[in-house]
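Data block below; observations after.
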Amino acid sequence: MTNRMAVITGAGQGSGRAIAQRLAQDGIHALLVGRTASKLQDTAEAIAAAGGEATARALDVTDDAAVAGFGAELDGKTLDILINCAGDWLISPLADTSNAQLDHILRVNLRAPYILSRVLLPNLRRSDNASIINIGSLVTAISAPMVSAYTAAKAGLQGMTKSLAAELKPDRIRVVMISPGPADTPMRAAASPGIDKSILVQPETIAEMTHTIATLPRGITTSDFVLYSMSWE
């Protein structure tokens, strides 16, 4: 086992869960973050059963005070990997999208990763090989209808990732965004019932790519990229 630690948001299900499990396989302690304690505990138990180490921490990443409190809990500790995976989806035409819906999508998918990255930056700076990996979406590479709010949030996340990568380069903190195509997750199933599963990316594939980036040698990084099924048209 190593002494490395990763914070993974959205770790209760889907890609976040798969990423946490993959990192734990490598001996990295997975600090599981999400809104639903029972789902986080289930992930933690699965990791423990496989011989890994995990801690569940229920947290609403859109709650500034709660995030600040989380940062205080980690004060003085070393964080090697931050995975901003928590997100939400909205399929709605512009004319039917309310201000409240827009604000929610921006808070979860863009504002929360920004603030969490800022709060945990002192911890990341203590690591000798730190990574911030943001989970984006294929919508930043293609033009899709009915997802303007979601696309705006993920495009903002992409811009933030690139700027932060340049800003933290002197600290040798890599900042990368993975933009998967539709993934076989509960969120996708809820958003698109009956979707053709042949076009879906498996969460384990996203997890493997995340692990590869997070374990690159110090001082080595990669550009943001998309990850999608060849059945996608």
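Taken over the stretch 151-208, residues that are at pLDDT 80 or above, assigned to a helix (DSSP H, G or I) and among the β-branched types (V, I, T) amount to 4.
All of L138, L94, L121 fail the test of being crowded, with 18+ Cβ neighbours inside 10 Å, out of contact with any Leu (no Cβ under 6 Å at 6 or more places or on another chain) and farther than 26 Å from E208 by Cβ, apart from L121. Look at the stretch 142-154 and say how many of its residues are surrounded by fewer than 16 Cβ atoms within 10 Å (Cβ to Cβ) and over 17 Å from N99 (Cα atoms). Number of matching residues: 4.
Please verify whether D96 is on the phi < 0 side of the Ramachandran plot, touching a helix residue (DSSP H, G or I) at 6+ places or on another chain (Cβ under 9 Å) and among the acidic types (D, E), treating the condition exactly as stated.
So D96 does not fit the description; no.
Listed by first and then second residue, the pairs linking a residue in the stretch 45-59 that is over 25 Å from G71 (Cα atoms) to a residue that is of a type in the set (S, T, N, Q) and surrounded by 16 or more Cβ atoms within 10 Å (Cβ to Cβ), with Cβ atoms under 9 Å apart and 6 or more places separating them unless they lie on different chains, are A46/Q21; A50/Q21.
Within the stretch 55-87, being over 21 Å from E204 (Cβ atoms), in a strand (DSSP E or B) and either of a type outside the set (G, A, S) or in contact with a His (Cβ under 8 Å, 6 or more places away or on another chain) (or both) holds for T55, R57.
Please specify each residue of the stretch 15-39 satisfying the condition of being part of a helix (DSSP H, G or I) and over 16 Å from E204 (Cα atoms).
A37, S38, K39
Being over 18 Å from the mean Cα position of the chain (by Cα), in a loop (DSSP other than H, G, I, E, B) and surrounded by 15 or more Cβ atoms within 10 Å (Cβ to Cβ): is that true of G52 here? So G52 passes the test.
Residues that are in contact with a strand residue (DSSP E or B) (Cβ under 6 Å, 6 or more places away or on another chain) and among the polar types (S, T, N, Q) were ranked within the stretch 16-46; the one that is surrounded by the most Cβ atoms within 10 Å (Cβ to Cβ) is T43. So for the stretch 96-104 (the condition being assigned to a helix (DSSP H, G or I) and either at pLDDT below 95 or hydrophobic (A, V, I, L, M, F, W, C) (or both)), does at least one residue qualify? Yes, the conditions are met somewhere in the stretch 96-104.
Table: residues versus (1) of a type in the set (A, V, I, L, M); (2) under 14 Å from the mean Cα position of the chain (by Cα).
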{"residue": "L110", "(1), (2)": "yes, yes"}
{"residue": "L124", "(1), (2)": "yes, no"}
{"residue": "D128", "(1), (2)": "no, no"}
{"residue": "V147", "(1), (2)": "yes, no"}
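The values are calculated or read from the model by the stated rules, or taken from the named source; none is laboratory data. Since we're looking at a predicted model, the values are computed, not measured. For neighbour counting, all protein chains shown are included, and Cβ atoms are generated from backbone atoms with ideal geometry for every residue, glycine included.
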